[in-house]
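Heads up, the thing below is written out as structure tokens.
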Amino acid sequence: MSSISRVKSKRTEVRLGAERDHFDKQQLSSISKAINSTETPVKEKHARRIILGTHREKGAVTFWSYALGFPFPSSSILCWKFCHVLHKILRDGHRNVLQDCTRHYSSLIDIGEIWGNLHDRYGQLVSLYSRLLCTKLKFHTKRGDIPANLEINDDDLERAAGTDINNVFQLSVEVFDYMDTELQLAETVLRQLNTSIAISSLTSSQCRLAPLIQVIQDCSHLYHFAVKLLFKLHACLPADTLQGHRDRFHDQFHKLKSFFNKTRDMTYFKRLIQIPKLPDSPPNFLHAASLAKHVKPVVVIPDMDEPEQQDDDDDEPEPLIDVSNVTTSSLQAQPQQMDIFDQAFGPPNGGFDDRDLQIESLKRDLELLRAELERVKAEAQRYITQLKSQINSLEAELEEQRAQKQRALVENEQLRMELEATRHRNAEHESLQTTFIEAEKRAQATEQRYNKLKEKHTELVTSHAELLRKSADTVKMLSATQQTQEEVERTKHQMTFEMERIKQDSDMKLEEQRFEMEKLKRELEEKIAEMTRIKATLQSSTKTSEQMNSSMTALQAEKERLMRSVSEKEAELSSLRQATQVQQSSLQQERDRTSRELGELQGKLKEKTSQEEQMKQKLLEEQFALLQGTITEAETIIQDAVAKLDDPLHIRCTSSPDYLISRAEAALGSIDKVKKGHADYLRNMSDAGGLLRALTQFSHLTADTIINGSATAHMAPTDHADKLTENCRGCGAQSLQFLKEMKSKTTLQRADPATIRIIIQKILHLGQELRPKGMDVRQEELGDLVDKEMASTSAAIEEAVRRIDEMMNQARKDTTGIKLEVNERILNSCTDLMKAIRMLVISSTDLQKEIVEGGRGAATVREFYAKNSRWTEGLISAAKAVGWGATEMVESADKVVLHTGKYEELIVCSHEIAASTAQLVAASKVKADRHSRKLTVLQQASRHVNEMAANVVASTKTGQEHLEEKDTMDFSGMSLIKLKKEEMESQVKVLELENQLGNERLRLGELRKKHYELAGVPLEQFDEGNGETSSLVNPVSMSPKLSKPSLMKKPPLAQKPNIPPKNVFK
């Protein structure tokens, strides 16, 4: 039975393998025929087989495996047809096609960038098509509820949009962007072609027009989405907020309608697709009832039963359904094709076997597992794509925020100009108001004049009535005084003249009428008196009486004329008053409107100012978030490098000191860039670009230095290897500490990479020490090497002085009181020592030049140094020792000031510097003339160096005594037994410390022995004891006959009191 199952399983595997090979062969054939460089449209049958292949394998893995092998940079037509097929697969393929295509998003971008920069017939089209496909991938990856073919009902669209109005707003913007890419591609294709019927029938034109079918299908759905979303937005947001959306939709509506009308008239599309008609005008989103009038445009692809000509290698068409599960009827239809196994052993029981069921169940399980694996892979890829899309969206949002900031600044400037114009209008309104007040004053003055005229008119009426009464009396008198007719007539003329004069005066100046009337009264009184005197004569003058009556009639007419004039003045005054009231009301309305506009503009200005502040704050937060992300990545890189120090697999890795030196120098350069970028960021926290680039370079170079330092230590001697490894660890720790300070806003300003620079300089120094000495330096180069070493020593001393000044300034900022006093005293003594060493180096250089000039004779300087190579090497070694001692002195002083080191280290460094300078003096005076003045100067400089070193030791010890805590020993409360117990414990500690002291002395002696062994000094020159020597500190560079001066001997270790050690620092 087992053999039977093996035969069946083998047969199944063979059948599955054959089916897979056949499937791959058909897919390769269809892909190669659909995507080629021939300028013809893609045949529908080839595209359909590729789509069916995606449904069969539930993805597009096979398609992409073949498609990536095409030479895309060589043919633009090939790229165009590839984009067309990919568009069809995204629309009609399996749902997993979107995930498979997202993995190759960067390939589409590369294709678009390649052909976008080239001037080719299809180059611009390929660039636009690749941009369209990238937009489609991003949209459907972000909006997973909307399928790639955009076929979704209104309820599902509502669920995809959600209830959050911000999400609806964002979705509408994405739909607009989607539509823009579709319309841009369509417009470019139609612009390149002549839309006549003859042109659209050519295969070259159809090659370009064929993808527009998918564009039409996408645009119809996107138009419907945009209408639905805009109606929903207008139901929740004010119309002014959505003005930009409406303008953008109207622009797209007119472009889409023009596109549909042009393609509908082309012969090529009439038999392939039914293009819908859009309404004459876009929907009115301000009227909610217009939604009921909206009709969703539907694109119809007619079924075409065209006879397809089979190709030579395409005889077997792709089955449209899965025929892996063969039915019983199909098995009965072929009874002749029996399996050989069935002929030999007979058919299974009843034609059905349980093992077939097991095989089928295992197949199903295998398919489920494959589907699960594909799902897991797709999920992981989706997460990666989402993260990348989030990064892209954040970058796009950052650019958008910057653009909004610029727009806000422009709008702010416009509002400021409008405010200035409003202020000018207010000034004009104030001037108008002043004019109105003046007009009102003039109206009041006119009204006063009118009142005066009215009073004068009343007086005239009164005087006229009195004159009438007097006229009647005069008539009576005229009947008796006819004899005086001429005199009366003369009086009549005089009265007429007076009345005419009154009329003229009233017309010219009404204010003088009162005076004239009074004058007239006086004249009338005089005339009445005169008439009284001639009363008797007037009674007989009937004719004169009639003339008087006519004069009275004239006076009455004059009165009526004056009344009419007064009425006209009153009407004119009334109209003037009404006009004044109208003008005042219009001015009041204009003032109110101006105040309202001013309030609105001030509110908008405040809102824009607050938005600008929010945008600035958001920009600062985003810049700091980017800085934190970069720092996190840098920490990961450095942590990975530090972890390799303890990685056993890294032991086999080696590196050369030269490469380590190059990496360390590059790391030092990156520290300078970090420092500059840090300062720039602190000045302008809205731009962290320089600091991000500097931190990225710093992390990579520092990690490279750590890894290469560890690899170099694997090939170095034990002491150098330990130092190098320890410095690499310290470099990683200090780098992580610096990055930690940079990561927090509270410690960002005081973050300083100076400690990292010091450690990397140590690594650089160790790498230089590990370089092969002597073998690579010829004797002819010794002279140049001496000058270089002296120059580097001077530079090291200058750097030490500069760093001590920096430490002095930092100590004054960070410390106060007695600690500041101690630190200043120590640093001042160190500065004096460095200055003395510098004078010593200068004196040594002058003496060296004198020795060379006096001893070389006719030989050159190089020949002199080559001839006295041992003396030259001694000078080089002494100069190196002085430079190294100065560097160590600065590091020890830095640790003491920062309370991370010990005062004893500073004291030991002072002794080492004194010994090194003494070695330099001894090396210089070997060949010098005893009576040389420069030798005397050198010896004085050496004594000054010793004095300054003693000052450093004294100030260090004094500072240590000032800062050291001293507990008072109070034994008054202890009993005898307690005191005895404490005494025993103290003796135990004394013995332990003495034992440790002895061990350390032995270790020191061994270290010095090893040092002199490496230096080439015979061991017979050692003194027995605690390891002190009477020879030179570095005799490899000097004559063995020279004795070591007393100042060059290492001082004995100081004996500590027999009390438990306490913390030096508080």
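The values are calculated or read from the model by the stated rules, or taken from the named source; none is laboratory data. No experiment lies behind these values; they were computed from the predicted model shown. Note that each Cβ is placed from the backbone with ideal geometry, even for glycine, and that neighbours are counted across all protein chains shown. Surface accessibility is based on the protein's heavy atoms, side chains included, excluding ligands, DNA and RNA. Shrake-Rupley method; radii C 1.70, N 1.55, O 1.52, S 1.80 Å.
Of note:
- The residue list Lys377, Lys441 contains one member that is within 30 Å of Ser574 (Cα to Cα) and either open to solvent by 90 Å² or more (accessible area, probe 1.4 Å) or aromatic (Phe, Trp, Tyr) (or both), which is Lys441.
- The condition of being part of a helix (DSSP H, G or I) and at pLDDT below 65 holds for only one of Glu516, Glu459, that being Glu516.
- Boolean, Ala443 is modelled with pLDDT of 80 or more, closer than 27 Å to Gln584 by Cα and part of a helix (DSSP H, G or I): no
- Of all residues making up the range 690-704, the number that are in contact with a Leu (Cβ under 9 Å, 6 or more places away or on another chain) and either more than 24 Å from Leu645 (Cβ to Cβ) or free of Cβ contacts under 8 Å to residues at least 24 places away in the same chain (or both): 2
- Residue in the range 175-188 that is in contact with a helix residue (DSSP H, G or I) (Cβ under 8 Å, 6 or more places away or on another chain), farther than 28 Å from Pro238 by Cα and without any contact (Cβ under 8 Å) to a residue 12 or more places away in the chain present: no
- Residue match in the range 367-381 (condition: among the charged types (D, E, K, R), in contact with a Leu (Cβ under 7 Å, 6 or more places away or on another chain) and either more than 27 Å from Gly59 (Cα to Cα) or modelled with pLDDT of 80 or more (or both)): no
- Filter result for the condition that a residue is over 23 Å from Arg683 (Cα atoms), of a type in the set (A, V, I, L, M) and surrounded by 14 or more Cβ atoms within 10 Å (Cβ to Cβ), over Ile638, Ile651, Ile631: Ile638
- Of the residues making up the range 872-931, those that are among the hydrophobic types (A, V, I, L, M, F, W, C) and part of a loop (DSSP other than H, G, I, E, B) are Leu898, Val926, Ala928.
- Total residues in the range 726-767 satisfying the condition of being under 20 Å from Gly901 (Cα atoms) and among the hydroxyl-bearing types (Ser, Thr, Tyr): the figure is 2.
- Selection from the range 251-260 of residues that are farther than 15 Å from Val189 by Cβ and open to solvent by less than 60 Å² (accessible area, probe 1.4 Å): Gln252, Phe253, Lys257
- Of all residues making up the range 666-692, the number that are in a helix (DSSP H, G or I), of a type in the set (A, V, I, L, M, F, W, C) and open to solvent by less than 20 Å² (accessible area, probe 1.4 Å): 4
- Checking each residue in the range 158-186 for being more than 30 Å from the chain's Cα centre (by Cα) and open to solvent by less than 10 Å² (accessible area, probe 1.4 Å) picks out Glu182, Leu183, Leu185, Ala186.
- Enumeration of residues in the range 797-835 that are over 41 Å from the mean Cα position of the chain (by Cα), buried (at least 22 other Cβ atoms within 10 Å of the Cβ) and among the small types (Gly, Ala, Ser): Ser829
- Residues of the range 737-775 satisfying the condition of being buried (at least 18 other Cβ atoms within 10 Å of the Cβ) and of a type in the set (A, V, I, L, M): Leu739, Met742, Ala751, Ile756, Ile758, Ile759, Ile760, Ile763, Leu764, Leu766, Leu770
- Candidate set from the range 408-419 (those that are open to solvent by 80 Å² or more (accessible area, probe 1.4 Å) and not hydrophobic (A, V, I, L, M, F, W, C)); member that is farthest from Thr609 (Cα to Cα): Glu418
- Hey, Ile851 open to solvent by 60 Å² or more (accessible area, probe 1.4 Å), β-branched (Val, Ile, Thr) and either part of a helix (DSSP H, G or I) or modelled with pLDDT of 75 or more (or both) or not: no
- Among residues of the range 815-836 that are of a type outside the set (A, V, I, L, M, F, W, C), those with a beta-carbon under 7 Å from a residue that is open to solvent by 70 Å² or more (accessible area, probe 1.4 Å) at least six positions away or on a different chain give the pairs Ser829/Asn951; Asp832/Asn951.
- From Glu613, Glu572, Glu607, Glu600, residue being modelled with pLDDT under 80, exposed (fewer than 13 other Cβ atoms within 10 Å of the Cβ), of a type outside the set (Gly, Ala, Ser) and out of contact with any Lys or Arg (no Cβ under 8 Å at 6 or more places or on another chain): Glu572
- With a requirement of 3 or more residues that are of a type in the set (D, E, K, R), in contact with a Cys (Cβ under 7 Å, 6 or more places away or on another chain) and under 18 Å from Leu272 (Cα atoms), none of the helices (runs of 4 or more DSSP H) lying completely within the range 156-225 satisfies it.
- Any chance Arg663 is surrounded by fewer than 18 Cβ atoms within 10 Å (Cβ to Cβ) and of a type outside the set (Val, Ile, Thr): no
- Taken as a whole, the condition of being without any contact (Cβ under 8 Å) to a residue 24 or more places away in the chain and of a type in the set (Gly, Ala, Ser) does not apply to Ala664.
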